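Below is one structure, written out as structure tokens; comments come after it.
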Amino acid sequence: MKVGFIGLGRMGEGMAANLLKAGHEITVYNRTLAKAAPLAAQGAKVAAKVAEACQGDAVITMLANDEAVSGVVFGDGGIVACLRPGAIHISSSTIGTAFSGKLTAAHASAGQRFLAAPVFGRPEVAAKGQLFVVAGGEPDTVKAAQPLLDAMGQKTFVISQAPKDANLVKLSGNFLIAAVIESLGEAMALVAKAGVSKHQYLEILTSTLFTAPVYKTYGTLIADGAFEPAGFAATLGQKDIRLTLAAAEELRVPLPLASLLRDRFLALLAHGGDNLDWSAIGALSAKEAGLDNA
């Protein structure tokens, strides 16, 4: 397929590279053009503007937030203005449900198709093409996009015909991961204050009660204090919790733990943690317990 790819951060670069490996014709666009160089070396065409990435069967966006996606979708030279009728905008960004509804309506009015396809997995997983894709959209749109989703992920979960439902599932998943990070940080601070090795404690946990990869991945980051470079920045974690709470408010679903997590992220950011991995909220409890050097 002929595909445009917009957004070449640590996730997007790996996703676009796997599309190339699968034999798709890829045109990439990134605001900082230098980030396109590695993909150009692998055979991708480099677009100087968004419109040049919208000339094919589909365009994929993998951007930081609602504002970044809006900046490439709307206005003169944006995706809505330039994508041909019947072509697909696949949004893999983690965005709000209300904004997803706005994108769905805008593309429908333009005679285009829209598919929400956010992903679970960190940059190293994206590079291997082993992401899990959560898709929401009309059945014919999902079917048409499936070869692209297969190139980027190991499995696609189709949630419903409403794209915003896929975004809600993604946000709720990130909420759960953040809850795991916070609880691991609190538990590790507790045992470390008593002199127990955090690494030994983590080995016990991940060998017995909590064998899911998320516990080992984030538990290791917390135990090692390895928060740079960020695989997923704390600012993005804060954004996702904010969007989760916005969706919950619209649906009138109380999420007391999400409110706590919002404050934990705000505390981290208030102390200069913008460029740290979001797992750094797991170190807050240790600092509060007087274990700054633990």
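Taking into account only those residues within region 3-58 that are among the hydroxyl-bearing types (Ser, Thr, Tyr) and outside any loop (DSSP other than H, G, I, E, B), which is surrounded by the most Cβ atoms within 10 Å (Cβ to Cβ)? Among them, the one singled out is 29.
Whether a residue is surrounded by fewer than 16 Cβ atoms within 10 Å (Cβ to Cβ), over 16 Å from the mean Cα position of the chain (by Cα) and within 24 Å of residue 253 (Cβ to Cβ) was assessed, and residue 160 passes this test.
Being in the same structural domain as residue 277 (by TED's automatic domain parsing), among the β-branched types (Val, Ile, Thr), closer than 26 Å to residue 10 by Cβ and touching a Gly at 6+ places or on another chain (Cβ under 6 Å), is that true of even one residue in region 213-233? The answer is yes; a qualifying residue exists.
With the structure loaded, tell me whether residue 45 is farther than 21 Å from residue 120 by Cα, in the same structural domain as residue 139 (by TED's automatic domain parsing) and in contact with a Ser or Thr (Cβ under 6 Å, 6 or more places away or on another chain) or whether it fails that test. Yes; evaluated as a whole, the condition is true for this residue.
For region 139-155, which positions are more than 21 Å from residue 10 (Cα to Cα) and either buried (at least 18 other Cβ atoms within 10 Å of the Cβ) or basic (Lys, Arg) (or both)? It would help to see each step written out before you state the result.
Narrowing region 139-155 to residues more than 21 Å from residue 10 (Cα to Cα): 139-147.
141, 142, 143, 144, 145 - these are the residues of region 139-155 that are more than 21 Å from residue 10 (Cα to Cα) and either buried (at least 18 other Cβ atoms within 10 Å of the Cβ) or basic (Lys, Arg) (or both).
If the condition is being in contact (Cβ under 8 Å) with a residue 60 or more places away in the chain and more than 19 Å from residue 145 (Cα to Cα), then region 74-98 contributes 95, 96, 97, 98. Residues in region 100-120: is at least one crowded, with 24+ Cβ neighbours inside 10 Å and either outside the structural domain of residue 149 (by TED's automatic domain parsing) or polar (S, T, N, Q) (or both)? Looking through region 100-120, at least one residue is crowded, with 24+ Cβ neighbours inside 10 Å and either outside the structural domain of residue 149 (by TED's automatic domain parsing) or polar (S, T, N, Q) (or both). Where residues in region 260-294 are free of Cβ contacts under 8 Å to residues at least 12 places away in the same chain, in a helix (DSSP H, G or I) and over 22 Å from the mean Cα position of the chain (by Cα), which of them is farthest from residue 193 (Cα to Cα)? Applying the filter and picking the extreme gives 270. Check whether at least one residue in region 125-133 is at negative phi, small (Gly, Ala, Ser) and buried (at least 24 other Cβ atoms within 10 Å of the Cβ), and report yes or no. Within region 125-133 (the criterion being at negative phi, small (Gly, Ala, Ser) and buried (at least 24 other Cβ atoms within 10 Å of the Cβ)), the answer is yes, since at least one residue qualifies. Within region 138-157, the set of residues being more than 18 Å from the chain's Cα centre (by Cα) and of a type outside the set (A, V, I, L, M, F, W, C) comprises 138, 139, 140, 141, 143, 146, 147.
The values are calculated or read from the model by the stated rules, or taken from the named source; none is laboratory data. All figures in this text were calculated on a predicted structure; none of them were measured in a lab. We place every Cβ from the backbone using ideal geometry, glycine too, and count neighbours over all the protein chains shown.
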